[in-house]
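Written out below as structure tokens is the structure these notes cover.
The values are calculated or read from the model by the stated rules, or taken from the named source; none is laboratory data. Please read all numbers here as calculations on a predicted model, not as lab measurements. Here the Cβ positions follow ideal geometry from the backbone for every residue, glycine too, while neighbour counts run over all protein chains shown.
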Amino acid sequence: MVNLTGMIKAANKIANKDSKSSAAIGFIKGIFPTFGLRREAYDAYIEDINNSNLSGQAKALAIMNVKKDLKKYNEENNQATIASIAIESAAAGTDFNETSQVDDDWLARYMEQAKFVSNENQQLVWGRILAGEFEKPGSTPMQVARILSEITVEHANVFNCICNLSIAINWGLSGPYVYNPIIDPLESYCQQMKLNYKNLSELETYGLIKFDVSPDGHRYNYSANKYPEIYLKYGNKICVIDNCQSYFHCGYVVFTDAGSSIAQAVINDDIEEYFEWVKLYLIKKGQFVIK
């Protein structure tokens with residue numbers, strides 16, 4: 001299926017470090033059974049051309065035609081790089097063998113789109129998403145690959161900004177944190193970051209977020225009347241909200257399942273002033289910030 005020479009090297013490197021090695025090699029051999037063969041054939045054919053009695057011009061033309069086929073090899077190398085990133089990023093014990101419960105159709109569609117991804121930053125996201133699916137099979141929606149393939153650089157940057165503004169919300173330390181951006185496109189702070197109605201609406205079209213500004217301003221509030229305190233965590237900063245209302249106003253944006261899968265693969269940068277803005281915004285919306 002693909003050439004995985006580089007991936008084999010990565011797997012061998014992992015083999016010297018931890019117990020992921022057998023899983024990694026099983027993944028490579030099970031899903032990419034013909035690694036190495038195509039590039040070796042190209043190299044051998046080009047060598048034959050160079051050793052032939054053809055004229056210099058004829059050799060150049062013949063090699064040019066062969067190199068057109070190397071585009072396919074480059075696509076396969078993109079897949080190999082992404083798969084290698086997945087193996088290196090996955091949690092210890094992740095099953096990359098044929099015994100994995102990852103759906104074959106999902107994997108085939110995802111890797112088909114992955115072959116066109118040559119940008120290193122994008123490959124990192126694709127690899128981390130692939131790792132997440134192998135960690136929790138069935139957790140990544142099928143449309144993730146479509147979204148990543150279709151989104152423009154401009155909209156990707158806007159979505160990345162939203163990921164940077166995602167806050168962990170915990171209801172009274174009684175359960176797991178829920179990650180959600182607190183965004184209001186009517187606020188000047190959000191508008192300065194291009195989080196305006198137009199861009200947010202377009203991200204909703206991709207299927208990354210749900211966005212709505214309803215008249216009462218409570219479209220995406222969380223019912224919080226049974227929790228005396230709400231904890232917000234952003235980076236290494238924590239804020240405590242005294243629950244003086246029956247709801248918690250969390251802005252006008254929530255992630256879809258696909259958006260959440262992608263957001264978890266994005267490496268976030270904490271924005272210092274954002275957390276301070278959030279506290280002032282919540283006070284403006286009637287919440288009482290304890291600290």
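Each row is one residue, and each column tells you yes or no for (1) in a helix (DSSP H, G or I); (2) at pLDDT 90 or above; (3) in contact with a His (Cβ under 9 Å, 6 or more places away or on another chain).
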{"position": "Ala108", "(1), (2), (3)": "yes, no, no"}
{"position": "Gln123", "(1), (2), (3)": "yes, yes, no"}
{"position": "Glu133", "(1), (2), (3)": "yes, yes, no"}
{"position": "Gly138", "(1), (2), (3)": "no, yes, no"}
{"position": "Ile147", "(1), (2), (3)": "yes, yes, no"}
{"position": "Val158", "(1), (2), (3)": "yes, yes, no"}
{"position": "Cys161", "(1), (2), (3)": "yes, yes, no"}
{"position": "Ser174", "(1), (2), (3)": "no, no, no"}
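Could you grab me the full set of residues in region 241-269 that are at pLDDT 85 or above and either among the small types (Gly, Ala, Ser) or farther than 21 Å from Gly207 by Cα (or both)?
Across region 241-269, the qualifying residues are Ala258, Gly259, Ser260, Ser261, Ala263, Ala265.
So that you can scan it fast, the table gives a plain yes or no per residue for (1) touching a residue at least 24 places away in the same chain (Cβ under 8 Å); (2) touching a Gly at 6+ places or on another chain (Cβ under 7 Å); (3) over 18 Å from Leu208 (Cα atoms):
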{"site": "Ile87", "(1), (2), (3)": "yes, no, yes"}
{"site": "Ser100", "(1), (2), (3)": "yes, no, yes"}
{"site": "Asp104", "(1), (2), (3)": "no, no, yes"}
{"site": "Glu120", "(1), (2), (3)": "no, no, yes"}
{"site": "Val125", "(1), (2), (3)": "yes, no, no"}
{"site": "Met142", "(1), (2), (3)": "yes, no, no"}
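Does Ala131 satisfy the condition of being surrounded by 19 or more Cβ atoms within 10 Å (Cβ to Cβ) and among the small types (Gly, Ala, Ser)?
Considered against the rule, which asks whether it is surrounded by 19 or more Cβ atoms within 10 Å (Cβ to Cβ) and among the small types (Gly, Ala, Ser), Ala131 comes out as yes.
Across region 74-108, what is the total count of residues that are of a type in the set (D, E, K, R), touching a helix residue (DSSP H, G or I) at 6+ places or on another chain (Cβ under 8 Å) and farther than 21 Å from Val266 by Cα?
Within region 74-108, residues that are of a type in the set (D, E, K, R), touching a helix residue (DSSP H, G or I) at 6+ places or on another chain (Cβ under 8 Å) and farther than 21 Å from Val266 by Cα number 3.
If I ask for residues that are in a loop (DSSP other than H, G, I, E, B) and over 11 Å from Arg128 (Cα atoms), which ones from region 76-93 would you list?
Ala92, Gly93, listed by residue number.
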